[in-house]
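Peer 1: Pasting in a structure now, in structure tokens, and then I'll have a few things to ask.
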């Protein structure tokens with residue numbers, strides 16, 4: 001098999017494991033740099049490596065449904081998979097961070113349900129995915145707006161900042177409608 005990127009993409013879509021491995025090897029440094037930036041400082045390193053490996057596994061398990069033929073679309077797919085995996089991990093686990101005394105302090109906890117039994121997770125499901133992602137990347141992962149813009153495909157950091165602000169406003173409005181709870 002040649003080292004032509006487009007030929008390898010087509011072969012990977014057809015189920016060629018060697019081509020999938022080649023593509024992941026070529027894109028690994030690029031994806032690892034993006035994933036490392038999305039993770040908080042304490043979560044870099046092995047967690048970023050694990051996430052990149054999981055993206056490779058997703059490529060193998062979903063090759064039949066892939067519809068990209070260009071490098072840019074494949075990279076977008078990889079970044080979307082990585083972002084979704086990272087957000088799923090945030091939703092599933094309570095992350096802790098050590099304070100100056102060495103005690104662990106939760107930095108992400110599900111909010112208590114409001115008067116109608118809806119927690120923040122239920123409210124987040126009601127806002128657009130891009131707004132939710134901007135909030136998660138900024139507030140829970142500490143990503144810069146420049147990186148958020150890159151991940152979400154926004155033209156600049158100001159657009160990403162506006163996306164987050166609109167998401168926060170939507171969450172506050174939804175919380176107020178559901179029982180007066182302020183975020």
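Peer 1: Take residue 82 and decide whether it is part of a helix (DSSP H, G or I) and at pLDDT 70 or above.
Peer 2: Answer is yes for this residue.
Peer 1: Is it the case that residue 131 is modelled with pLDDT of 65 or more, farther than 26 Å from residue 26 by Cβ and outside any helix (DSSP H, G or I)?
Peer 2: Judged against the criteria, residue 131 is not a match.
Peer 1: Here's another thing I want to ask about it. Restricting to segment 148-164, name every residue that is more than 19 Å from residue 87 (Cα to Cα) and assigned to a helix (DSSP H, G or I).
Peer 2: 157, 158, 159, 162
Peer 1: Answer yes or no as to whether residue 44 is at pLDDT below 80, within 21 Å of residue 150 (Cβ to Cβ) and outside the structural domain of residue 121 (by TED's automatic domain parsing).
Peer 2: Taking the combined requirement at face value, the residue satisfies it.
The values are calculated or read from the model by the stated rules, or taken from the named source; none is laboratory data. These numbers were taken from a predicted model, which means no experiment stands behind them. Backbone-built Cβ (ideal geometry, glycine too); neighbour counts: all protein chains shown.
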